[in-house]
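Read the figures in this text as sums done on the coordinates, not as results from a lab. These figures come from a predicted structure and were not determined experimentally. Here the Cβ positions follow ideal geometry from the backbone for every residue, glycine too, while neighbour counts run over all protein chains shown.
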Amino acid sequence: AQILVIHGPNLNLLGRREPQIYGTATLEDINRQLAEAARPFPVELDFFQSNHEGEIIDRIHAAFGKAAGILINPGAYTHYSIAIRDAISSVSIPTVEVHLSNIHAREEFRHHSVIAPVAVGQISGFGEYGYTLGLFALVDFIQRKGT
Ligand code: DQA
């Protein structure tokens, strides 16, 4: 099974970007950890990062009928991209939403996710480890669903 891992805007700067909030791991570190965590499972990870809403939507569309799951940190798009939310529901691929920080403990405008209602679930506040947790949860969901 193929799992599409999407990192949204500004996440290419991880490690250098507000490390007190987002930690010191780089995106490459996180992808490496994910690849390691995926090893025991019959899944293949496909990594994608973009700072552009339309590119993220195109990548989700390209996964239609191919990917068994999507692991996504939509970055700031979490809070307002109805277009990314619609792309996820259009392809009906099980999706897990991940955030490094606890979005519910931060500024008011980060408390709401427009993605959450179309996701299987959300993991928020566990830093880089959240991606591994999200991957495990997604693989478990896919396996139980039998796809
Ligand atoms: C984030 C939280 C968002 O509010 C923010 O815009 C990000 C990163 C997180 O991983 O904690 O870019 O998604």
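Summary table
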quantity	calculated
Y131, sole failed condition from (1) part of a helix (DSSP H, G or I); (2) within 17 Å of N31 (Cα to Cα); (3) over 12 Å from the mean Cα position of the chain (by Cα)	(3)
Residue match in segment 95-106 (condition: closer than 27 Å to P19 by Cα, outside any helix (DSSP H, G or I) and of a type in the set (K, R))	yes
Selection count, segment 24-52, where residues are within 17 Å of the chain's Cα centre (by Cα) and in contact (Cβ under 8 Å) with a residue 40 or more places away in the chain	17
Hits in segment 107-117 (condition: in contact (Cβ under 8 Å) with a residue 24 or more places away in the chain, over 12 Å from the mean Cα position of the chain (by Cα) and within 16 Å of the ligand (Cβ to nearest atom))	F109, R110, H112, S113, V114
Matching option when the condition is touching a Phe, Trp or Tyr at 6+ places or on another chain (Cβ under 6 Å) and either of a type in the set (F, W, Y) or away from the ligand (no atom under 12 Å from the Cβ) (or both), among V96, V139	V139
Output for segment 66-78, where each listed residue is under 21 Å from F41 (Cβ atoms) and not aliphatic (A, V, I, L, M)	K66, G69, N73
Residue in segment 39-56 that is among the aromatic types (F, W, Y), over 26 Å from G15 (Cα atoms) and surrounded by fewer than 22 Cβ atoms within 10 Å (Cβ to Cβ) present	yes
Of all residues in segment 68-91 being within 14 Å of the ligand (Cβ to nearest atom) and either among the hydroxyl-bearing types (S, T, Y) or part of a strand (DSSP E or B) (or both), the one that is surrounded by the most Cβ atoms within 10 Å (Cβ to Cβ)	N73
